[in-house]
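Just below is one structure, and these are the notes that go with it.
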Amino acid sequence: MHVELPTLKLPEDVVRLAKEEKCLHELERITFFRAAEGYVQLRECGDVRGDELLFIKSIASESISNDECREFNRKYGDLQPQLVLEITEQESLNKKALEKKNMPGFLGAIALDDYGSGYNSEKSLLAISPQYIKVDMAIIRDIDIDPDKQQIVVNIVNYAHQRGMYIVAEGIETSAELEKVLELGVDLLQGYYLARPAAVPGEINSEAIEIIKNRSREV
């Protein structure tokens, strides 16, 4: 959804426009199928290993139809165990959002995206019971110097790990942030400091890799 147009740049703008034009369902369908198609192409070209998780940002109020589910499974059924549907914490968690894990043939996982960005974070967490919790970048930013943010992450890490959930730290932009979230026990990492978004995955920052290796040795 990162459109390269001067007046339409952010995914949020795409969703807003789709909502205004009453075509959110079409956007949801396109996202599902294009994400899978793009991943398969990368796999066939050897640009990915083929066993990676495929995170797809899903619109909370929309679900692809049963017929579309069957078509997806016919084309990309082998990817089902690798799918992770991201539901944004800021969105309305209606009945459709809560039933996504019950889509026909769905074998993947659910992720709660942008955790901590809304007023009902705990309510969303309890309602969805996701396998992955993606902590919003607003909490990760400057976490190395902010004890309050550190305590928030400690609390959610403890909650998640007791329930077999995984924590993703979003928006890591400095080595200090990376070192701190690793110290606090997050499981997965995302942000410009590790790698920039790209149609074809690039190399991970070598400095970030070294920090991760050093932390692993300490643990």
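Looking across LEU93, LEU112, LEU107, one residue alone is at pLDDT below 70 and in contact with a helix residue (DSSP H, G or I) (Cβ under 7 Å, 6 or more places away or on another chain). It is LEU93.
If a residue has to be surrounded by fewer than 15 Cβ atoms within 10 Å (Cβ to Cβ) and touching an Asp or Glu at 6+ places or on another chain (Cβ under 6 Å) to count, how many in the range 180-219 make the cut? Qualifying residue count for the region: 2.
Selection within the range 39-60: residues that are farther than 18 Å from GLN131 by Cα and among the basic types (Lys, Arg). The member of this set that is surrounded by the fewest Cβ atoms within 10 Å (Cβ to Cβ) is ARG49.
Conditions (1) within 21 Å of ASP113 (Cβ to Cβ); (2) not hydrophobic (A, V, I, L, M, F, W, C), marked per residue:
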position	(1), (2)
LEU24	yes, no
GLU28	yes, yes
ALA36	yes, no
VAL40	no, no
VAL48	no, no
ILE59	yes, no
GLU71	no, yes
LEU79	yes, no
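Residues of the range 8-17 that are more than 15 Å from LYS57 (Cα to Cα) and among the aliphatic types (A, V, I, L, M): LEU8, LEU17. Of the candidates SER124, SER117, the single residue that is at pLDDT below 95, out of contact with any Ser or Thr (no Cβ under 6 Å at 6 or more places or on another chain), surrounded by fewer than 20 Cβ atoms within 10 Å (Cβ to Cβ) and more than 30 Å from GLU44 (Cα to Cα) is SER117.
Restricting attention to the range 1-38, the residues that are among the basic types (Lys, Arg), under 14 Å from TYR76 (Cα atoms) and loosely packed, with under 13 Cβ neighbours inside 10 Å add up to 1. Scanning the range 196-219 for residues being among the basic types (Lys, Arg) and under 23 Å from the mean Cα position of the chain (by Cα) gives a total of 1. Inside the range 160-219, can you point out the residues that are of a type in the set (S, T, N, Q), assigned to a loop (DSSP other than H, G, I, E, B) and over 21 Å from ALA109 (Cβ atoms)? The answer is THR174, ASN205. Restricting ARG70, ARG49, ARG29, ARG43 to residues that are part of a helix (DSSP H, G or I) and under 27 Å from GLU203 (Cβ atoms) narrows the list to ARG43. Close Cβ contacts (under 8 Å, 6 or more residues apart or on different chains) running from residues in the range 183-201 that are under 19 Å from HIS161 (Cα atoms) to residues that are of a type in the set (Phe, Trp, Tyr) and surrounded by 16 or more Cβ atoms within 10 Å (Cβ to Cβ) comprise ASP187/TYR166; LEU188/TYR132; LEU188/TYR166.
Residues of the range 150-160 include at least one that is buried (at least 17 other Cβ atoms within 10 Å of the Cβ), more than 15 Å from the chain's Cα centre (by Cα), closer than 23 Å to PRO81 by Cα and at pLDDT 90 or above.
The values are calculated or read from the model by the stated rules, or taken from the named source; none is laboratory data. Fair warning: this is a prediction, and the values are worked out from it, not measured in the lab. When we count neighbours, we look across all protein chains shown, and the Cβ atoms used for this are built from the backbone with ideal geometry, even at glycine.
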